[in-house]
Structures are given as structure tokens and as C-alpha cells.
Amino acid sequence: MTTATSPRFDGHLLTPGDPGYDAARTVWNAMIDRRPRMIVRAASVTDVVTAVRLARELDLEIGVRCGGHNVAGLAVPANGLMIDLTPLNRVRVDPIRRRARVQGGALLGALDRASQRYGLATTAGNVSHTGVGGLTLGGGMGWLARQHGLACDNVVSCTMVTADGEVVTASRTENPDLYWGLRGGGGNFGIVTDFDFRLHDTGTQTLVAEFDFHAADAVPVLEGWRDLNAVAPRQATFTADVHDTANGPIATVGFVWVGDPARGHRLLPAMRALGRPIAERVTTPSYLELQQRDDTTGGHAYRRYSSAHYLPHFPTAAIEAFLLRGAADLHADADLPGVGLQAYGGAIADVADADAAFSYRGTMFEFGAGARWTDPAEDDNRMAAARRAGAALDPYANGVYVNSLAIDEQQRGVRRAYPPAKLARLAALKTVWDPHNVFRLNHNIRPSHA
């Protein structure tokens, strides 16, 4: 449809009742059931410009969707205008220059497939159906980060549509302050329609090692695993999680290795020396298979809630809290969330903290507690359990990954994601690029005057 105030788009303008409307507003959390007044499925940068100007003309809140993975559902504005970038999904790889030009609506899987044709890759999350844009603007952790830095560390330049509907470029030499803010500051400053990434010669091979232990026996295991992490090669990203099984809670420790599996095998004796596991899995997926191993089928049908932290250290008391997951004992009769850890360090910490908006580069592990369920009657209990699991690690935390903020953290979460001095610089940048807070459906950084 078109009206006097809604010009024709190269893509599609959807309103309630139109074919495709409900699919476009469905995101990776079934708790989100908001209905935009209109959805623009943008097929060009001009569409994005026109949609921003239309939303401002009609005084509609703007939501921006790519992969729709943000559990807070910030892409979906109630009675507002959603700009759906998914038709803008082209990836162009230059294997000679080792660069990838990626449109703002592309998914990580598209970037991986295009670059792996040449044995190349860049840091790109752990789930292939995540959007490149949201992941990168928040920082972008992935299996290559310890070797090659975060996704945002590999961005050479961005093309962005401003709140006034202008198109600008941000790089180290052009609008450098904006370039600083876009690398970790989220979607606060505009809508990025193109990214230029560095690629790396990673090859196509990986190794994944996982060792299961009864949670009751896992404190010394996790202590040893933590100490191994401190001296592990950068090709290894250490992981741990706790989950329930029919035989009680299980703690799994291990690592993901990107590169020659034979070199990764050298870590296995030390890992096996941690204790007597009840199960062991050592596999050698291709890099593309690794990037898809955590994909979920029917993922949009689940209701989701999460709690997260950055842990600069992981003392024994934190290990005990991690295993308990906010419960009084290991065998609590409750719907406890799964909890997990992923190691930072390496190339992430090589970058000066002042270099980009992304913060807390000295993190040892990122902690996450995640719950998923289908029955709305369980909402309160499931969310409360995830909060308790997160609260149990509060004493050991110093920040949080902005992409992992919960649906209800709002300004408290933003203050956890950025130290005060950096948040003040981000607010000043917001004042320059979006003084009226047009782009506020995000983990919002308010203008300095707000």
C-alpha cells in the first residue's frame, strides 16, 4: 500500500493483515508479541532513508530488525515503524584484499559461507542465524575473537543512515568519533546498511572437545580448567556449562579450537588430567559446521530470558556459585536455567580499552544464564530463576556484554555495560548524531541533555 505520506519503496511496506506481516514481526523470543503500525522490508539504502523520514513525519518509534536475536525484542515497536533489513543481505568477498563487504541485513551464516569458499573468515558469533549488524554493533564475540579480535575490531568502515535520513561513512579517517561509537555502542547512532570487514586466513578446520562431570564433583575440575585457560593458545576458546539431565546436574568443560586439529589435540592430555569424566566428546567439524552447531530449530517458538556478566576473575567461590545456579543445593527441585562460560583474552585484550566503545576487554570469562520454555504460565518462575542464577555471580562481576542485556534491565543495564567515563563519551556522541533520541529502541544511550 502507499499513501500521501508513504512513498513507494523498492522493497515492501506491510501493515497488519498483509501477507508476511506476522512473519516479519516474529523474533527469537515468543514473549515478544508487539504489532508495528507498519513494517518496511528495505531492499535498498534509499528505502532505509525513506523509512526513517516517514517515521519522523508520522512521529512513530523506529525499530530495526536484522536477525531478530535480541531477546528483548527491541526490533519490534508497538504501533511504530519497523525497518526490516533482511532483504539487504548481500555479502561480497575480495579474497585478494581479504575484505568482505556485508549489507546490514545479512546473517552470520551468509558471511561465513561467502568467506569460507576461500579459507577465510572473520569473527562472527556462534549462531549462524544471528544478524551481522546487531552482533557487530554491540561488539561481536565469536570463536575467532581470541585470535583476531571481536567482530567490531575487524570493521574497517561502516555506511550509516542518520536520524535526519542522511547517508554517512565512518572509519578511522572519516567521522572517526562515530567509528569509535559504532564499535560497541549498539544501534544508538543510526542504521548501518553496510560493513567492510577484514578477513583472516583461518582455513576450514576446527576441533571441539567436551568433558562431562557430575556437578557435585566439578569444583576441582573447574579450578583446573580455569588455570589451563590462563596459558591456552589463542586458537583455543575455553567453554563450560551446567545443565540438568535425568541423572542430575552435569558440568561440561572443554574448548573450541579453530585451526589445525592436530595442534588442538595437544591440549587433550591436560584436559583429561582434570578428573575422570563420565563422558567425553572430541569432534572435528568444519568451520561452517562449527558455526551452525548451536543453531536452534523452531527457535522463534520459545519464550526466553537471560542474565549475564563479565567476570574478571573466577575464584573458587564463584565456581561454587556457578554450579549452584542460584539454588540452595545442586539437586534443587526447580526449573533452573542453563549457565555457561566463554573465555575472553588473547587478541580481545590486545586492543586498548579506549580504542572503541566496547568495554571490559580485561574480562576472563563471559557468564550467561539462559532459560527457554513454551508455556506462558511459567514466565514468572523461569525469569526469577534466571535472575537468581545471575545474582549469585554478582559479587564476582564488573560489567556485562551489551548484546546480552536482559529485557528488563533498561538504564541499569546500560550503566553495567559501559564504565562511567565511556558512557559519558557515548552520550556526547549521541547528542551529536541523534540529539532527539530517534533511535531509542535499543539498549539506549541517552543524549547528554536528556
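The values are calculated or read from the model by the stated rules, or taken from the named source; none is laboratory data. None of these values were measured; they are calculated from a predicted model. Here the Cβ positions follow ideal geometry from the backbone for every residue, glycine too, while neighbour counts run over all protein chains shown. What goes into the accessible areas is simple: the full protein's heavy atoms, side chains included, and nothing from ligands, DNA or RNA. Shrake-Rupley method; radii C 1.70, N 1.55, O 1.52, S 1.80 Å.
Could you check segment 398-436 and list, in sequence order, the residues that are closer than 30 Å to ALA30 by Cα and either of a type in the set (Lys, Arg) or surrounded by fewer than 16 Cβ atoms within 10 Å (Cβ to Cβ) (or both)? Within segment 398-436, ASP408, GLN410, GLN411, ARG412, ARG415, ARG416 meet the criteria. Scanning segment 165-221 for residues that are under 26 Å from ASN70 (Cα atoms), hydroxyl-bearing (Ser, Thr, Tyr) and touching a Leu at 6+ places or on another chain (Cβ under 8 Å) returns a single hit, THR193. Considering only residues in segment 13-23 that are touching a Lys or Arg at 6+ places or on another chain (Cβ under 9 Å) and either assigned to a loop (DSSP other than H, G, I, E, B) or modelled with pLDDT under 95 (or both), the one that is farthest from GLU57 (Cα to Cα) turns out to be GLY20. If you filter segment 64-112 down to residues that are more than 16 Å from PHE197 (Cβ to Cβ) and among the polar types (S, T, N, Q), you find that the one that is surrounded by the fewest Cβ atoms within 10 Å (Cβ to Cβ) is ASN79. Within segment 24-47, being assigned to a helix (DSSP H, G or I), more than 23 Å from the chain's Cα centre (by Cα) and in contact (Cβ under 8 Å) with a residue 40 or more places away in the chain holds for one residue alone: VAL45. Which members of segment 178-214 meet the condition of being among the basic types (Lys, Arg) and either surrounded by 19 or more Cβ atoms within 10 Å (Cβ to Cβ) or not in a strand (DSSP E or B) (or both)? Selection gives ARG183 alone.
Conditions (1) of a type in the set (Gly, Ala, Ser); (2) in a strand (DSSP E or B); (3) closer than 19 Å to VAL242 by Cβ; (4) touching a residue at least 40 places away in the same chain (Cβ under 8 Å), marked per residue:
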position: GLY345; (1), (2), (3), (4): yes, no, no, yes
position: GLY362; (1), (2), (3), (4): yes, no, no, yes
position: GLU366; (1), (2), (3), (4): no, yes, yes, yes
position: ALA369; (1), (2), (3), (4): yes, yes, yes, yes
position: ALA385; (1), (2), (3), (4): yes, no, yes, yes
position: GLY390; (1), (2), (3), (4): yes, no, yes, yes
position: ALA428; (1), (2), (3), (4): yes, no, no, no
position: PHE439; (1), (2), (3), (4): no, no, no, yes
position: ILE445; (1), (2), (3), (4): no, no, no, yes
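Checked against (1) buried (at least 22 other Cβ atoms within 10 Å of the Cβ); (2) within 26 Å of the chain's Cα centre (by Cα); (3) small (Gly, Ala, Ser), ALA218 passes all but a single condition, namely (2). When the residues of segment 347-360 are filtered to those that are part of a helix (DSSP H, G or I) and not hydrophobic (A, V, I, L, M, F, W, C), the one that is least open to solvent (accessible area, probe 1.4 Å) is ASP355.
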